[in-house]
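A short worksheet on the structure shown next.
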Amino acid sequence: MLKIHNTLARDKQEFKPIEANKVRMYVCGMTVYDYCHLGHARVMVVFDMVYRWLKSSGYDVTYVRNITDIDDKIIKRAAENKESIHTLTQRFIDAMHEDADALGVQRPDHEPRATQFIPQMLQMVEQLEQNGLAYKAADGDVNYAVRKFDGYGKLSGKSLEDLRAGERVEVASDKNDPLDFVLWKHAKAGEAEEVQWESKWGKGRPGWHLECSAMGSELLGNHFDIHGGGADLQFPHHENEIAQSEGAHGCQYVNYWMHNGFVRVDNEKMSKSLGNFFTIREVLKKYDAEVVRFFILRAHYRSPLNYSDHHLDDAKGALTRLYTALKLPSPASGITSDLAALPPSRMASSSIRGAGGEGSVDWNEPYAQRFKAAMDDDFNTPEAVAVLFDLANEANRSQSAEAAAQLKALAGVLGLLQRDAQEFLQGSATAGGLDDAAINAQIEARIAAKKAKDFAEADRIRKALLEAGIVLEDTAQGTSWRRA
RNA sequence: GGCGCGAUAGCAAAGCGGUUAUGCACCGGAUUGCAAAUCCGUAGAGCCCAGUUCGACUCUGGGUCGCGCCUCCA
């Protein structure tokens with residue numbers, strides 16, 4: 001039984017889908033005017049993990065992650081670059097896909113773009129106007145009348161009075177109430193045609209929150225199961241989404257709200273405004289993408305996650321241990337464990353596809369049961385990963401190919417450990433580093449020295465390679481190597 | 001100021017009212033020509049103060065510190 005921490009209830013709750021065996025999930029994605037940073041990586045990886053686990057649990061999942069391709073910052077950036085917003089956003093959408101793919105993030109079922117749903121948004125504003133919740137202000141903007149919506153504040157736990165008390169310097173506007181927010185922004189002089197759409201309230205463009213309400217309803221219905229996003233979206237974005245959707249449709253919008261914690265740098269939130277962010281592609285130049293994914297999944301999704309090279313190095317070391325356990329006795333060596341020769345009958349009991357479509361998990365086996373219990377407990381990936389390490393220990397101890405296969409299959413549910421172990425461990429040559437041929441030549445030379453009992457020379461070669469970042473391991477099957 | 005979250009061993013990070021988390025690092029042993037990897041074992045924890053309890057890292061109250069939202073932000 002799956003339990004999910006529901007922000008709406010501020011508690012873990014048993015997950016009950018609206019429709020049996022189906023889950024409809026919406027996650028707030030990127031505003032595409034720049035490269036994704038690690039905070040974005042966390043959202044993508046965390047909800048990819050959720051998506052995978054729901055599917056592994058047998059649900060038929062429809063996953064929507066939107067793309068915001070119209071917004072003040074996009075308009076500003078396009079103007080700075082002297083390019084159209086379309087070329088700008090398309091460029092960063094492509095970059096986002098590259099980053100997501102590298103991190104092993106599966107594509108959502110739908111990736112709607114705001115600009116493709118303008119009619120649905122306008123329809124929603126009209127509905128809100130009819131319901132007495134929207135009004136056109138003197139400046140031409142159409143605003144949401146927050147005080148007319150009863151449940152305002154139920155997600156973020158804020159009351160209108162609290163919000164009023166914490167009000168910042170007030171910006172001059174024609175809102176009836178300072179807390180009202182814009183549904184439809186009127187077009188301003190000098191704005192490009194491509195950021196203006198016709199409407200009964202005059203030319204303009206959608207406010208920030210409207211897109212998600214409109215696209216969620218369009219693709220998942222007026223009432224769906226899960227809505228996710230970063231913790232910073234809880235207020236005002238998600239609160240306003242609820243006001244819009246429930247105000248327009250008169251029914252519950254979302255059953256379970258999930259918010260992931262921030263990525264931090266030096267104990268501070270990584271954010272654009274603070275300027276302390278690292279882009280995904282920047283980090284991937286230095287660290288293997290799977291290490292980054294593992295680093296994210298090693299913490300609970302709701303906890304803060306501190307980023308530093310030291311933490312990534314640590315994650316790399318840990319992932320190396322798992323991959324090392326995956327190295328099976330090579331059939332070519334003539335050494336195979338008894339277990340490896342056993343027919344994989346038990347492994348096929350419950351066919352659940354792993355990330356790479358690899359082997360299936362034997363869910364009756366004790367490690368898998370612990371793994372499942374951890375994942376069902378609000379997606380407790382740190383605990384699930386701990387099970388992976390216990391299983392690695394088991395595989396190493398028993399030299400069991402079956403245990404190694406189970407390890408790989410279970411990790412596959414998290415989108416980990418699906419590569420060839422040797423490929424991961426050896427990585428690829430870094431700039432200025434030794435290439436594989438050079439390494440193998442050195443290994444040959446060392447083997448020759450060992451045969452001649454010239455251990456001083458053998459050790460010299462090994463030491464030289466180590467200094468070049470290459471670790472040698474002499475095994476019964478011969479000498480293997482990996483990049484440190 | 002309002003609302004909320006957190007504080008676990010050297011670092012990272014979970015569960016749990018009483019019995020080994022886990023990874024890295026460290027120490028001892030096995031193994032190895034020497035290593036590495038692996039295995040076995042030791043050591044090391046729960047911000048402070050009260051309370052509840054036979055027993056609290058785990059529950060309750062208070063305090064301290066850190067973080068977040070209240071403004072664009074994943």
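Couple of notes before you dig in:
- Between segment A:88-156 and segment A:389-466, the Cα center-to-center distance that results, in Å: 49
- Distances between placed amide hydrogens fall under 5 Å for residue A:30 paired with A:68, all partners being 5 or more residues away or on another chain.
- The antiparallel fraction among DSSP beta bridges confined to chain A stands at about 50%.
- Residues A:285, A:73 arranged by fewest to most Cβ contacts within 10 Å: A:285, A:73
- The angle between the Cα long axis of helix A:436-451 and the main principal axis of chain A comes to about 30°, on a 0 to 90 degree scale.
- Value of relative contact order over segment A:190-339, rounded to a whole percent, pairs C-alpha under 8 Å and six or more apart: 17
- Taking a ≥ b ≥ c as the square roots of the eigenvalues of the Cα gyration tensor, chain A is classed as prolate, since a/c reaches at least 1.5 and a/b is larger than b/c.
- Gain on full stretching of the segment that runs from residue A:286 to residue A:273 - 0.36 nm per residue minus C-alpha separation: 2.3 nm
- Taking the number of Cβ atoms within 10 Å of each Cβ as an exposure proxy, the fewest-first ranking of A:428, A:273, A:173 is A:273, A:428, A:173.
- Annotation: amide H of residue A:13 within the under-5 Å range of A:4, A:5, A:6, sequence separation 5 or more or interchain, hydrogens built in the peptide plane.
- 14 Å beta-carbon shell around residue A:135, net charge (K/R +1, D/E -1): -2
- For residue A:306, the residues whose amide H sits under 5 Å from its own are A:264, ignoring neighbours fewer than 5 places away on the same chain, with H placed 1.01 Å from N.
- Fully extending the segment from residue A:232 to residue A:191 would add 11.8 nm, taking 0.36 nm per residue of separation and subtracting the current Cα-Cα distance.
- Cβ-derived FRET efficiency at R0 51 Å, residue A:20 paired with residue A:83, nearest 0.05: 0.60
- Going from the fewest other Cβ atoms within 10 Å to the most, the residues A:211, A:191 appear in the order A:191, A:211.
- 13 Å beta-carbon shell around residue A:472, net charge (K/R +1, D/E -1): +2
- Value of [θ]222 nm, deg cm²/dmol, for chain A, DSSP H segments ≥ 4, -39500 (n - 2.57) each, nearest 500: -13000 deg cm²/dmol
- For the set A:82/A:188; A:158/A:188; A:175/A:269; A:316/A:408; A:12/A:269; A:158/A:185, the pairs lying more than 22 angstrom apart at their alpha carbons are A:158/A:188; A:175/A:269; A:12/A:269; A:158/A:185.
- Each principal axis of the Cα cloud of segment A:194-235 was evaluated for its coordinate range; sorted largest first, these ranges are 34, 25, 17 Å.
Coordinate-derived values only; no laboratory data. Computed from a prediction, not measured in an experiment: that's the story for all the values here. Counting neighbours? That spans all protein chains shown, and the Cβs are built from the backbone with ideal geometry, glycine included.
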